[in-house]
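Chemist: Here it is: the structure, laid out below.
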């Protein structure tokens, strides 16, 4: 990929457009190996679930160096604005992190985003100086509102978290892409490498993948597959696909035939 084709979010440049989650792996060693193989430069960290204080217990920082990989603290497990705000303020106090992922869930079964609380939290956090990447539904109207209140990136779901169903609403994703100047990162619901390629071919700036890698039968091989799928999808998008046509068009010349 061209050296100039950076993924930029919160004024930071990244060469990889694959963001990897750090949950659901069998152990931290496996997680670290998967991250390395994936080539990801950003990893999400669930502040409420990962040990970042008790040095007597295994710490993610012992396996993934935050000086080499950008940590993206997220609010996984938060179901209202107050919980999310408290979690990210804690992350800032602990590690000085300002580039964060906001995730406010509406229910424990479907894990869909609670958009009213999400919108309110985004506005507050941006005023406090956070660079907020926001997990949201695939509603173009809500995505635009998030942009208007200062979000740094829009992260619409492809399908419910952990479902592996792939992108369910390409049309809405296309509309979100056309109307925003912000990076758009598909977050949640991808299951296989082709899903990642499709997201990139639509024009998305990146994908965030956790379950599809961590719960694969061979997480390390899946991490590599996702790495190449993102690169292939991005190259395909930049190349400019041919127009769709219901009729055939011969690849050999139509004139000068023997």
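Chemist: With respect to residue 108, determine if the residue is closer than 30 Å to residue 218 by Cα, out of contact with any helix residue (DSSP H, G or I) (no Cβ under 8 Å at 6 or more places or on another chain), surrounded by fewer than 17 Cβ atoms within 10 Å (Cβ to Cβ) and free of Cβ contacts under 8 Å to residues at least 40 places away in the same chain.
Modeler: Values: closer than 30 Å to residue 218 by Cα: yes; out of contact with any helix residue (DSSP H, G or I) (no Cβ under 8 Å at 6 or more places or on another chain): yes; surrounded by fewer than 17 Cβ atoms within 10 Å (Cβ to Cβ): yes; free of Cβ contacts under 8 Å to residues at least 40 places away in the same chain: yes.
Criteria met by residue 108.
Chemist: Could you say whether any residue in the stretch 78-94 is over 24 Å from residue 139 (Cβ atoms), surrounded by 20 or more Cβ atoms within 10 Å (Cβ to Cβ), touching a strand residue (DSSP E or B) at 6+ places or on another chain (Cβ under 7 Å) and at pLDDT below 90?
Modeler: There is at least one residue in the stretch 78-94 that is over 24 Å from residue 139 (Cβ atoms), surrounded by 20 or more Cβ atoms within 10 Å (Cβ to Cβ), touching a strand residue (DSSP E or B) at 6+ places or on another chain (Cβ under 7 Å) and at pLDDT below 90.
Per-residue answers, yes or no, for (1) closer than 22 Å to residue 20 by Cβ; (2) out of contact with any helix residue (DSSP H, G or I) (no Cβ under 9 Å at 6 or more places or on another chain):
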site	(1), (2)
96	yes, yes
130	yes, no
146	no, no
151	yes, no
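Chemist: Residues in the stretch 38-50: is at least one touching a helix residue (DSSP H, G or I) at 6+ places or on another chain (Cβ under 6 Å), part of a helix (DSSP H, G or I), at pLDDT 90 or above and crowded, with 18+ Cβ neighbours inside 10 Å?
Modeler: Yes; the residues of the stretch 38-50 include at least one that is touching a helix residue (DSSP H, G or I) at 6+ places or on another chain (Cβ under 6 Å), part of a helix (DSSP H, G or I), at pLDDT 90 or above and crowded, with 18+ Cβ neighbours inside 10 Å.
Chemist: Limited to the stretch 140-162, what total is found for residues that are under 21 Å from residue 201 (Cβ atoms) and in a loop (DSSP other than H, G, I, E, B)? Even if it seems obvious, please write down each step before you answer.
Modeler: Filtering the stretch 140-162 down to residues under 21 Å from residue 201 (Cβ atoms) leaves 140, 143, 153-159.
Those left that are additionally in a loop (DSSP other than H, G, I, E, B): 157-159.
Here the count works out to 3.
Chemist: Between 103, 123, which is crowded, with 19+ Cβ neighbours inside 10 Å and in contact (Cβ under 8 Å) with a residue 24 or more places away in the chain?
Modeler: Working: 123 fails: crowded, with 19+ Cβ neighbours inside 10 Å.
None of the other options fit; the residue is 103.
Chemist: Here's a follow-up. Do we have residue 98 as modelled with pLDDT of 85 or more, surrounded by fewer than 20 Cβ atoms within 10 Å (Cβ to Cβ) and either in contact with a strand residue (DSSP E or B) (Cβ under 6 Å, 6 or more places away or on another chain) or farther than 20 Å from residue 153 by Cα (or both) here?
Modeler: Numbers: modelled with pLDDT of 85 or more: yes; surrounded by fewer than 20 Cβ atoms within 10 Å (Cβ to Cβ): yes; either in contact with a strand residue (DSSP E or B) (Cβ under 6 Å, 6 or more places away or on another chain) or farther than 20 Å from residue 153 by Cα (or both): yes.
So residue 98 fits the description; yes.
Chemist: Same structure, new question: Go through the stretch 72-91 and report how many residues are touching a helix residue (DSSP H, G or I) at 6+ places or on another chain (Cβ under 9 Å) and part of a strand (DSSP E or B).
Modeler: 2
Chemist: Further question on the same structure: Filtering the stretch 57-66 down to residues that are farther than 28 Å from residue 122 by Cβ and in a loop (DSSP other than H, G, I, E, B), which residue is farthest from the chain's Cα centre (by Cα)?
Modeler: Taking the stretch 57-66 and keeping what is farther than 28 Å from residue 122 by Cβ, we get 57-59, 62-63, 65.
If we keep only those that are in a loop (DSSP other than H, G, I, E, B) too, we end up with 57-59, 63, 65.
On the way: 57: 28, 58: 26, 59: 23, 63: 21, 65: 20 Å.
Step by step, filter the stretch 57-66, then rank; the result is 57.
Chemist: Also, quick follow-up: I'd like to check something: does the stretch 144-159 contain any residue that is at pLDDT below 95 and over 25 Å from residue 71 (Cβ atoms)?
Modeler: Scanning the stretch 144-159 turns up at least one residue that is at pLDDT below 95 and over 25 Å from residue 71 (Cβ atoms).
Chemist: Then there is this: Having 1 or more residues that are touching a helix residue (DSSP H, G or I) at 6+ places or on another chain (Cβ under 8 Å), over 25 Å from residue 141 (Cβ atoms) and at pLDDT 95 or above is the bar; report the helices (runs of 4 or more DSSP H) wholly within the stretch 168-258 that clear it. It would help to see each step written out before you state the result.
Modeler: Numbers: elements: 170-179, 193-201, 211-214, 219-239.
By residue number, 193-201, 211-214, 219-239.
The values are calculated or read from the model by the stated rules, or taken from the named source; none is laboratory data. Quick caveat, the model's predicted, so the values are computed rather than measured. Positions of Cβ are generated from backbone atoms using ideal geometry, with glycine treated the same way; all protein chains shown enter the neighbour counts.
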